[in-house]
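Following: one structure in C-alpha cells, then a few remarks.
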Amino acid sequence: MKYLVRHSIVVRITHWLVAVSGILLLFSGFGQLPMYMRYNVVKIPGLAWSSNYEITLLIHYISGAVFTAAIFFHIVYHLKRKEFAIVPRPNDLSESVTGLLAMFGLKEEPRHEKFQAKQRVIYAIFALFSTILIATGLIKSFKNLGPIVLEPMLLQWIAFTHTIAGGIFLLLVVAHVGALLLKNHRPLIPSMFTGKIDAEYARHHHPEWRDKA
C-alpha cells in the first residue's frame, strides 16, 4: 500500500497541543460554573478534584496559555511557509453543499484539493470562536490579576460571551470528531498520528492535491 505525506511532525504536534489544551479548557471552564458537584461528576473515579475551584482555575490558565501559544505558532508557521490550503475561498459554501449532497448520491463529488471546502469552512468557524475565546479570556485574566479594572456590566458581557463561545466551541469539537467517524472520513484519522494517508484514498477524495503531491 502506497502512502502520501499529508501532515508534517510540526503540524501534528501543533494540532494535538491545540486539541488537548482546548479540551482541558472546556473541562476546567465548565467546572468553574459550577457543574460537576451538581451532576455528580466528582463521583467518577479520579475526578473528585473537578469541583475544586483553585485546581480548575490553575488548569484553565495553563491550558489557556498553551492553547494561545499553539494557535499563534500555527499562524506564524504557515504564514512564513506560505501554506494557505486550509484558508477559506469564495465558493466554499456552495461547494460544501455540493459535497454534502454527494454523500447521499444526489450530486457528483467535487474534485477536492488537500482540504475539502467544508473543512475550510469549519476551520474558519473554529478560528473565529478560538479568537473570541482567547480575546475574552485574556481580558478576564488581566482583570483577575489586577492590571485592569472594568465596568461591571461590561465584564458581565465579556464573561457571557466567553461562556457562550465555549459552548459553541464544544459543539464544534463534537461535530469535528463525529465527522471523522463517518466512513468516508475515517481514513484521515491515522494521518494525525503518522502524518501519512493512503494514496488510493487521496486519488478518490483529494485528486487535485494528490496529482500535485
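Do we find that residue 113 is surrounded by fewer than 17 Cβ atoms within 10 Å (Cβ to Cβ), modelled with pLDDT under 90 and either part of a loop (DSSP other than H, G, I, E, B) or not hydrophobic (A, V, I, L, M, F, W, C) (or both) in this structure? Step through it out loud before you land on a result.
Numbers: surrounded by fewer than 17 Cβ atoms within 10 Å (Cβ to Cβ): no; modelled with pLDDT under 90: yes; either part of a loop (DSSP other than H, G, I, E, B) or not hydrophobic (A, V, I, L, M, F, W, C) (or both): yes.
Here the answer is no, as residue 113 does not meet what is asked.
Just one of the listed residues (36, 53) is exposed (fewer than 13 other Cβ atoms within 10 Å of the Cβ), out of contact with any strand residue (DSSP E or B) (no Cβ under 7 Å at 6 or more places or on another chain), under 19 Å from residue 163 (Cβ atoms) and modelled with pLDDT of 90 or more, and it is 53.
Taking the stretch 39-50, which residues are free of Cβ contacts under 8 Å to residues at least 12 places away in the same chain and either closer than 27 Å to residue 130 by Cβ or surrounded by 12 or more Cβ atoms within 10 Å (Cβ to Cβ) (or both)? Don't jump to the end; show me each part of the working.
As a first pass, look at the stretch 39-50 and keep what is free of Cβ contacts under 8 Å to residues at least 12 places away in the same chain: 39-49.
Across the stretch 39-50, the qualifying residues are 39, 41, 42, 47, 48, 49.
Number of residues in the stretch 113-152 that are more than 26 Å from residue 169 (Cβ to Cβ) and in contact with a His (Cβ under 9 Å, 6 or more places away or on another chain): the value is 1. Meeting the requirement of 1 or more residues that are under 21 Å from residue 100 (Cα atoms), the helices (runs of 4 or more DSSP H) wholly within the stretch 137-213 are 152-180, 199-205, 207-212.
The values are calculated or read from the model by the stated rules, or taken from the named source; none is laboratory data. Please read these numbers as outputs of a predicted model, since none were measured by experiment. Quick reminder, even Gly has a Cβ in these numbers, built from the backbone with ideal geometry, and neighbours come from all protein chains shown.
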